[in-house]
Amino acid sequence: MLAAMSSAIAQEPPTDTLADLSLEELSNIEITSVSKRAQRLSDAPASIFVITAEDIRRSGATSLPEVLRLAPNLEVARSSSHGYAISARGFNSSGNKLQVLMDGRILYTPLFSGVFWDVPDVMLEDVERIEVISGPGATLWGANAVNGVINVITRRSSETQGGLASVNAGNLERNYALRFGASGGAASYRIYGKFFERDPTSRANGATQHDGWDRGEVGFRADWGTPATGFTLQGAAYRGALDTALPNDLRTFGTNLLARWTHQLASGSGVQLQAYFDRSDRDIPGSIRERLKIYDVEFQHNVAGVEGHALTWGISHRGAIDHVINTPAIGFLPADRDLYWTSVFAQDEIALRGEQLKLIGGLRVEHNSYTGTEVLPTLRLAWKPSPSQLAWMALTRAVRTPSRVDRDFFASGGGIKLTGGPEFRSEVANVLAIGYRSQPSPKFSYSVTVFHHDYDDLRSVERRPTGDFVIGNKLEGTGTGLEAWANVQVTEHWRLSTGGTLLDLDLRLKADSTAPAGGRTAGNDPERQWLLRSSWELPGQMELDASVRHVGELPAPHIPAYTAVDLRFGWRPNDRLELSLTGQNIFDSTHIEFENQRTFSEIERAFRVGIKWSF
């Protein structure tokens, strides 16, 4: 991220001291996802929630999807032992309107424009923060950033020195991780390995779902120089096995390597060049096998020294080489496809009245293999009536470009045939959002955003005169809602955090549609959800954390509303040892969160004991 080029970020408090920061200091944490440059959270004109390293530690979560439950502006629903549906502002059934990144590496697959959530992983102790934007970010982050952006940012290796061993074991899963870091001169590195296994889920009748999961990963990160001027090289390799009801497991394999060079110029401007390669293999028993290679190169320039302006511009090229081994009943035609996305983008922040009033205008022109050129503009207005208040408004156009499922897919069986649409167009969202963020006192802060999305050319399944089906663009509609969260420092040792969303998603088929059903399944999202978290420091280096999460019912297929309560008790007998006991869904033996296509998995009550030792 180009924020690393800012000398100010070097003065950011170490993430292991965030528990000691006041709410005012937390609001001044520097983020990068809103403007692709360092800025204070309190100055960012967007609906953004930051999950800190301390939030992650005190949640007791053991996987990235479970950590994302901490963001009140996300929908996170678990469908199986390994399956998750994660989105912002709706469309959780498709999961294809969210841009997800890890240290600048895009995680979504062009196979269906979503994320296989059994693939991305990270040693959670290495995460510095996770920036979660709800609302479009296509001008800076490209296609797929329609309803939100998740940006996982890990620590520099210089901040993870020495050794760390972590074990979490419970009634449903076991997790083991080991990390070691060292430095010499201006260079530092860390290496890590982790492994976990998760038991299969069950149906309501007690039958097993045959969806047990185990996964191992090794990786490294090396940093030279400083955050402002330096070089980073990082990579990982993983292997996973997902149990199925068939004789063979679903297997995943992958490697990735990322290099990033940053340089601060004498004028205060900065440049960044980043490149990465990502290979992923997925073998699905009884279905397709995919071999996907992704390469990506991006250059970015932050311009300084022009009075009243803060300009960021860049160019990027992303390519995908996708090879699919089809079966007679399901696959992609052609089986092999080379795809690319080439972009030029720029965004300027113009000071209309000093730091009080700013106009932010941006434009991205992106060319892709399927639909050609897409234009993605944004216009934002930010007003700071006082240093502790920010009001903002944004108008944005975003698109989701076609995936291979939309254009190349075929399936036949039981007398029914479904194919991709050869003329499938990009899905479009025109978005208006108005937000307000304030800290009226040192012990209280809050954020409120209202939004309206106007959607067109959404994916539908159309019936042909022959009785076959084809993927089309005959769905449209609107999404209107509110998202809000707040932090209260009740006492010196007790902090409360709360947040939630209201969503009215109204989708309808166009007049010329031949689809047999309406758009309810595309918008299978709760109308309301809320989260309440309590963090309490106890005497004797002990801590007690609790969270209550309520998710409203889902309409189609219908899933009842549920409320989950999690508890964590932690104790640090010394600076090097941490013990914890975590309980999830402690007042509910089982509940269903999402459909699993053919069946429903019951999410069970879970308990874990954790030991973390630094050496």
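Here G219, G230, G193 are screened, and the one residue that is touching a Ser or Thr at 6+ places or on another chain (Cβ under 8 Å), modelled with pLDDT of 95 or more and either farther than 30 Å from T590 by Cβ or acidic (D, E) (or both) is G230. For the stretch 362-371, state whether one or more residues are touching a helix residue (DSSP H, G or I) at 6+ places or on another chain (Cβ under 6 Å), small (G, A, S) and farther than 30 Å from P247 by Cβ. Checked against the condition, which is being touching a helix residue (DSSP H, G or I) at 6+ places or on another chain (Cβ under 6 Å), small (G, A, S) and farther than 30 Å from P247 by Cβ, the stretch 362-371 yields at least one hit. Taken over the stretch 375-397, the criterion of being among the charged types (D, E, K, R), within 22 Å of R318 (Cα to Cα) and buried (at least 22 other Cβ atoms within 10 Å of the Cβ) is satisfied by no residue. Applying the set (1) under 30 Å from H452 (Cα atoms); (2) modelled with pLDDT of 95 or more to G523 leaves exactly one unmet item: (2). Here G286 fulfils each of the conditions (1) surrounded by 15 or more Cβ atoms within 10 Å (Cβ to Cβ); (2) under 27 Å from S412 (Cβ atoms) apart from (1). When the residues of the stretch 292-328 are filtered to those that are more than 22 Å from V405 (Cβ to Cβ), in contact with a Ser or Thr (Cβ under 6 Å, 6 or more places away or on another chain) and not β-branched (V, I, T), the one that is surrounded by the most Cβ atoms within 10 Å (Cβ to Cβ) is N302. Each residue in the stretch 244-275 was checked for being outside any strand (DSSP E or B) and modelled with pLDDT of 95 or more, and 0 of them qualify. Selection of strands (runs of 3 or more DSSP E) fully inside the stretch 535-600 by the criterion of at least 3 residues being within 30 Å of E492 (Cβ to Cβ) and in contact with a Phe, Trp or Tyr (Cβ under 6 Å, 6 or more places away or on another chain) returns 542-551, 577-584.
Taken together, the residues in the stretch 457-492 that are in contact with a Lys or Arg (Cβ under 8 Å, 6 or more places away or on another chain) and hydroxyl-bearing (S, T, Y) amount to 1. If you go through the stretch 526-550 and keep only what is more than 30 Å from T449 (Cβ to Cβ) and among the aliphatic types (A, V, I, L, M), you end up with L538, M542, L544. If we scan the stretch 245-258, do we find a residue that is among the charged types (D, E, K, R) and more than 30 Å from A335 (Cα to Cα)? The answer is no; no qualifying residue exists. Only residues that are out of contact with any Pro (no Cβ under 8 Å at 6 or more places or on another chain), free of Cβ contacts under 8 Å to residues at least 40 places away in the same chain and of a type in the set (D, E, K, R) were counted in the stretch 238-286, giving 5. Restricting P200, P227 to residues that are surrounded by 19 or more Cβ atoms within 10 Å (Cβ to Cβ), out of contact with any Leu (no Cβ under 9 Å at 6 or more places or on another chain) and not in a strand (DSSP E or B) narrows the list to P227.
Being under 22 Å from A77 (Cβ atoms) and surrounded by fewer than 23 Cβ atoms within 10 Å (Cβ to Cβ) narrows it down to one residue among F116, F180, F91; which is it? Among F116, F180, F91, only F116 is under 22 Å from A77 (Cβ atoms) and surrounded by fewer than 23 Cβ atoms within 10 Å (Cβ to Cβ). Residues in the stretch 521-546 that are of a type in the set (D, E, K, R) and closer than 19 Å to I586 by Cβ: R533, E543, D545. Taken as a whole, the structure places Y108 among residues that are closer than 22 Å to E427 by Cβ and without any contact (Cβ under 8 Å) to a residue 40 or more places away in the chain.
For the structure I just gave you, tell me whether R463 is surrounded by fewer than 16 Cβ atoms within 10 Å (Cβ to Cβ), touching a residue at least 12 places away in the same chain (Cβ under 8 Å) and among the basic types (K, R). When the stated conditions are applied, R463 passes them. So which residues in the stretch 466-480 are surrounded by 20 or more Cβ atoms within 10 Å (Cβ to Cβ) and closer than 19 Å to A46 by Cα, if there are any at all? Correct list: G479 only. Scanning the stretch 160-197 for residues that are out of contact with any Leu (no Cβ under 9 Å at 6 or more places or on another chain), in contact (Cβ under 8 Å) with a residue 60 or more places away in the chain and closer than 11 Å to M123 by Cα turns up just one, N175.
The test for being modelled with pLDDT of 95 or more and surrounded by fewer than 22 Cβ atoms within 10 Å (Cβ to Cβ) does not hold for E24.
Applying the set (1) within 22 Å of the chain's Cα centre (by Cα); (2) in a strand (DSSP E or B); (3) among the hydrophobic types (A, V, I, L, M, F, W, C) to L178 leaves exactly one unmet item: (1).
Note on the stretch 555-587: residues that are out of contact with any Asp or Glu (no Cβ under 9 Å at 6 or more places or on another chain) and either aromatic (F, W, Y) or more than 19 Å from G540 (Cα to Cα) (or both) amount to 3.
Just one of the listed residues (L554, L531, L544) is closer than 20 Å to I51 by Cα, of a type in the set (A, V, I, L, M, F, W, C) and surrounded by 18 or more Cβ atoms within 10 Å (Cβ to Cβ), namely L531.
The values are calculated or read from the model by the stated rules, or taken from the named source; none is laboratory data. All values derive from a computational prediction rather than experimental measurement. Don't worry about glycine lacking a Cβ; one is built from the backbone with ideal geometry, like all the others, and counts go over all protein chains shown.
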